[in-house]
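Reviewing the structure listed below.
The values are calculated or read from the model by the stated rules, or taken from the named source; none is laboratory data. Just so it is clear, the structure is predicted and the values come from calculations on it, not from any experiment. With ideal geometry, Cβ positions are generated from the backbone for all residues, glycine too; neighbour counts draw on all protein chains shown.
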Amino acid sequence: MSPARPLEGARTAAAGEATPVGAVIPIRAEAAGGCVDAPVLRERGQREVFCGLTGIIWLHRKIQDAFFLVVGSRTCAHLIQSAAGVMIFAEPRFATAIIDERDLAGLADANTELDRVVTRLLARRPEIKLLFLVGSCPSEVIKLDLSRAAARLSATFSPQVRVLNYSGSGIETTFTQGEDACLASLVPSLPPPDADAPAALLVVGALADVVEDQFARLFAQLGIGPVRFFPPRHASDLPAVGPNTRYLLAQPFLADTARALDERGAQRLPAPFPLGVEGTTEWLQAAATEFGIAAEKFDAVTASARQRASVAIARQRVQLAGKRIFFFPDSQLEIPLARFLSRELGMELVEVGTPYLHRQHLAEELALLPAGTVLSEGQHVENQLDRCRAARPDIVVCGLGLANPLEAEGMTTKWAIELVFTPIQGYDQASDLAELFTRPLVRKLRLAA
Ligand code: SF4
């Protein structure tokens, strides 16, 4: 693909420089390379993160005929019910098969119990077409082999129901890895394309339906297609994948899924992630370049959405420019968010922590970060708290467990998990994304007044 091209109206702007409302956002031109080769502080210590079960909350809404059966403890059940909030009052598409003391003591055959639970569930819910058995810490402790259970149950219930498994265990993981594990488990089920099928674009990563529809419209207007989204909204609508598949990652936490797609011959289109005007434009541009779309057409299709988003972001920039932000490692969205907040909102990056740094998938993002940005990978919560307290940033992005104590110390926080639950990708959501950071700062100012 072609190197990232500067956006219309790009110019250098110092952090803190005020931008009049209504102006096109000035995108800062960084020195070539940005943070591509920047040193990274590797942290290994105590973690404060949610486990991969959390992904069920957005995945069960996305794949509308799938069911997620966690094989875990009452703690696991409590976690997803709390995280799902009001969903427990509806007929949910997730549940927990509780491993109790008898299972843990080896007094009951967990496989027999699981078969019984699944049989009862599928008899009661005939609309389920795809069942995920989701492993947890307890199922791993008792070494319950869910891949064998899934194969056994698939043989029993196919072709009506496909049964797959993945791990959402919290041991050494972070919460967005649940989606990665889920999608990676689904890749072997994707059909091969027809021999004479044209090159197709696959957008990989769960997006809110409204965002997916906006991107589908833009791709159609650009003349790029066929375009498919993965995961699909229905289990029966799995996209084909093969050597003529080109894919764009819509989320930065899908390393295992990308590897599985690569093994099927698909080719990733390197691009920044579609956050903000710049990220969205470069992400779309990667597909446009691959599919031979003329620059004039690209500009004509995207110009009004870019302009609209730039104007909307400029209002948020008035509040955010020059503010100092500190990221604890949590969602794996930290680096694309830092790029957006620094380049389009003029925020100053104190430290950008990420649970894992996938240099290949994040190469385009790292190149756009301001040179000299402090990057850290992994977690040592005590060390990071010390650095955060010493820096006294204007806003801290962190997990729920750290937010309340930091607020009590007088800091302003933003929950990282909210950024995964909220539609933030694309032009029409760029201003909403910025506002997620403006709101806590404005609230703090009001409380102080
Ligand atoms: S999978 Fe592990 S970390 Fe997650 S809720 Fe269950 S016991 Fe806790």
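Some points to look at:
- Strands (runs of 3 or more DSSP E) (entirely within the stretch 197-284) containing at least 2 residues that are of a type outside the set (A, V, I, L, M): 227-230, 245-249
- Any hit, the stretch 423-442, residues being in contact with a Ser or Thr (Cβ under 9 Å, 6 or more places away or on another chain) and free of Cβ contacts under 8 Å to residues at least 24 places away in the same chain: yes
- Entry remark, the stretch 147-182: residues being touching a Ser or Thr at 6+ places or on another chain (Cβ under 9 Å), farther than 19 Å from Pro252 by Cα and not hydroxyl-bearing (Ser, Thr, Tyr) number 9 in total.
- Residues being of a type in the set (Asp, Glu), part of a loop (DSSP other than H, G, I, E, B) and within 16 Å of the ligand (Cβ to nearest atom) - total across the stretch 134-193: 1
- One residue stands out in the stretch 66-86 among those that are more than 21 Å from the chain's Cα centre (by Cα) and either at pLDDT below 85 or assigned to a loop (DSSP other than H, G, I, E, B) (or both): the one that is nearest to the ligand (Cβ to nearest atom), namely Ser73.
- Filter result for Arg306 (assigned to a strand (DSSP E or B) and touching a helix residue (DSSP H, G or I) at 6+ places or on another chain (Cβ under 6 Å)): no
- Taking every residue in the stretch 49-65 that is in a helix (DSSP H, G or I) and pairing it with any residue that is among the aromatic types (Phe, Trp, Tyr) and more than 16 Å from the ligand (Cβ to nearest atom), at least 6 positions away or on another chain, the pairs with Cβ-Cβ distances below 9 Å are Ile57/Phe421; Trp58/Phe421; His60/Phe67.
- Any hit, the stretch 30-49, residues being more than 16 Å from the ligand (Cβ to nearest atom), closer than 24 Å to Ser431 by Cα and modelled with pLDDT under 90: yes
- Taken together, the residues in the stretch 408-439 that are within 14 Å of Leu345 (Cβ to Cβ) and buried (at least 16 other Cβ atoms within 10 Å of the Cβ) amount to 10.
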